[in-house]
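Please treat every number below as a calculation from the coordinates, not as lab data. Just so we're clear, the structure is a prediction, and the values are computed from it rather than from any experiment. Glycine gets a Cβ as well: all are built from the backbone with ideal geometry, and neighbour counts include every protein chain shown.
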Amino acid sequence: MHAEVLVVGAGPAGLAAARAASKNAKVTLLDDNAKMGGQIWRNRPDLKLPANVQWLPSSGIAGVLDEKTLLLEGKALSFDQVILCTGARELHLPFPGWTLPGVLGAGGLQAMIKNGLDVAGKTIVVAGSGPLLLAVAALARQKGAKVLKILEQAPTWQLLPFLRALSAGKILQAAQMGPQTLLGYNPDAYLLQASGEGQLQQVICQIQGKTVQLECDLLAVGFGLVPNLELAVQLGCRLDQGFIQVDDTCKTSQKGIYAAGEITGIGGLDRALLQGEISGLAATNQTIKNLVPRLRASQRFVRTLKNSFTLRPEVLKLAQPDTIVCRCEDVRLSQAQQHDNWRSAKLHTRLGMGACQGRTCAPICQILLGLDSPQTRPPIFATPLKNLLLEEEP
Ligand SMILES: Cc1cc2nc3c(=O)[nH]c(=O)nc-3n(C[C@H](O)[C@H](O)[C@H](O)COP(=O)(O)OP(=O)(O)OC[C@H]3O[C@@H](n4cnc5c(N)ncnc54)[C@H](O)[C@@H]3O)c2cc1C
């Protein structure tokens, strides 16, 4: 298979890239999900593509075969230009009780509700850091859940630059979440522990200096986002402060490879759409001139987001020696602490050797223990062996 312009990831950035590029080229857009939309537009029914965009659903890129060819589940897929829009995943941080049934990732709960999970009548606490917490709480409430509290670890003074940077549209969006959601929002508040008999029953948290116990059915926790860099790194793209380095045209350090959206910096929907459009236009030799000033402004928002939701030292110290840090392989903090690099910890404890291949525990060990990041290697996702073998061409 060959693509003139290949777009990997059909979230907002990928969709915008495909639309823009399709004005001047034949485009192939793929995603490992069955439907387009990425994280924020998951299951949105009204997403449409121009006729000259070929859409490949449920198509995960498992690895890189050479600089112009990717491994697409048993098939080689070559390209002239590629636009990487692989997005981000949630950052999880361990605390006592985080592996109890009933404790979920905030984005995980959001995805489950969007896929039909019934939360009507459930009592939910939402905790962690970042704007995603409000979106999850608003959705859960809209579906009939009782959201007791939203615990944002950042203190109010730290959040002020973020509030000042919000566009009129975002302020309106927040207002539409309703007074109940907004009143439940507590800055300067963080979890201490979750507990229950085989199932979450209560959480203990610190709210503006006071220790509070809350009875609940579900706890949704997220501490920010981690970019999905694996494919870009395997293609040799250079990093800048933990994200894919791009110029004003969204070009990476590698010829013919562009990147857009959350893998270039956590900056929200508007920036993902803008970068998607720029990358699609630039990859197909169309002008982007009038979009560059908006792109630079969006980079200021990336910095504001990062500073406003910087994690406080207390949440980095919640895990106790017996708290599990790698939940695929049941590795505890005290075991990981005995190693000063990822390789040694992995070889001695099986850290990162489970189904998630370190996607969850590697960021945890970098942040809590200062371990280096694991070398990325194929497969990018856990995948059946048959997908790693190339099918014979007919
Ligand atoms: C769990 C979660 C929930 C979020 N919810 C909200 C929200 O409610 N409101 C909000 O404003 N923002 C939300 N965000 C942030 C939002 O995703 C961004 O602001 C923006 O929309 C990101 O767009 P994107 O196109 O860069 O990435 P995404 O929307 O993440 O899209 C990336 C797509 O690439 C696919 N992909 C990744 N790797 C591969 C591969 N190797 N092969 C094939 N496909 C691949 C992914 O499955 C995904 O569909 C959320 C983020 C996360 C992680």
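For the stretch 291-346, the ratio of Cα radius of gyration to the globular rule of thumb 2.2 N^0.38 Å stands at 1.80.
Straight-line reach from Lys255: taking Cα to Cα under 17 Å and skipping same-chain neighbours fewer than 8 places apart, the lysines in range are Lys68.
Dipole size of the stretch 157-292 about its Cα centre, with +1 on Lys/Arg Cβ and -1 on Asp/Glu Cβ: approximately 480 debye, rounded to the nearest 20.
Only the Cβ atoms of Lys and Arg (+1) and of Asp and Glu (-1) were treated as charged; on that basis the dipole of the chain about its Cα centre amounts to roughly 960 debye. Note that the chain shows a convex hull volume over its alpha carbon atoms of 146 Å³ per residue.
What relative contact order, as a whole-number percentage, does the stretch 319-394 give when Cα pairs under 8 Å and 6 or more residues apart are counted? Could the numbers behind the result be given before it?
Details: 77 pairs, mean separation 18.0, N = 76.
That works out to 24 percent.
Please find the FRET efficiency linking Thr287 to Gln320, where r is the Cβ-Cβ separation and R0 is fixed at 56 Å, and quote it to the nearest 0.05. Write out the running numbers ahead of the final one.
Working: r = 56 Å, r/R0 = 1.01.
For R0 = 56 Å, the calculated efficiency reads 0.50.
In terms of other Cβ atoms within 10 Å, Leu84, Leu109 run from fewest to most in the order Leu109, Leu84.
Run the numbers for Arg294 and Thr156: contour at 0.36 nm per residue of separation, minus the present Cα-Cα distance, in nm. Mind showing how you got there, number by number?
Details: separation 138, 0.36 × 138 = 49.68 nm, distance 2.80 nm.
Between Arg294 and Thr156, full extension yields 46.9 nm more.
Contact order for the stretch 92-223, expressed relative to its length and based on alpha carbon pairs under 8 Å spaced 6+ residues apart, stands at 37 percent.
Looking at the chain, the DSSP beta bridges with both ends there are about 45 percent antiparallel. Can you pick out the pairs among Lys346/Lys386; Lys149/Lys170; Lys251/Lys317 whose Cα atoms lie more than 31 Å from each other? With Cα atoms farther than 31 Å apart: Lys251/Lys317.
For the stretch 92-223, what percent of Cα pairs sit more than 20 Å apart? Provide the component values of the computation, followed by the final result.
Values: 3559 of 8646 pairs.
Tail of P(r) above 20 Å: 41 percent of Cα pairs.
Projecting label points 7 angstrom from Cα along Cα→Cβ for Ile207 and Met112 puts them 2.3 nm apart.
Each residue in Val302, Val125 was given a count of other beta-carbon atoms within 10 angstrom of its own, and listing them fewest first yields Val302, Val125.
If I stretch the segment between Leu388 and Lys35 completely, what's the gain in nm (0.36 nm per residue apart, minus their alpha carbon distance), one decimal? Can you show the working numbers first?
Working: separation 353, 0.36 × 353 = 127.08 nm, distance 2.32 nm.
Stretched out fully, the Leu388 to Lys35 stretch lengthens by 124.8 nm.
Assign one of three labels to the stretch 25-113, namely rounded, prolate or oblate, based on the Cα gyration tensor with a ≥ b ≥ c the square roots of its eigenvalues; rounded applies when a/c is under 1.5, prolate when it is not and a/b is larger than b/c, and oblate otherwise. Oblate is the answer for the stretch 25-113, as a/c is 1.5 or above yet b/c matches or exceeds a/b.
Rank the residues Lys170, Lys346 as a footprinting-exposure proxy: fewest other Cβ atoms within 10 Å of their Cβ go first. Working shown, then result.
Working: Lys170 15, Lys346 23.
The most exposed by this proxy come first: Lys170, Lys346.
Relative contact order of the chain: 20 percent, from C-alpha pairs under 8 Å at least 6 residues apart in sequence. Unpaired cysteine residues in the chain (no second Cys Cβ under 4.7 Å): Cys85, Cys205, Cys216, Cys237, Cys250, Cys328, Cys356, Cys365.
Sorted largest first, the spans of the alpha carbon positions of the stretch 331-386 along the three principal axes are 37, 17, 15 Å.
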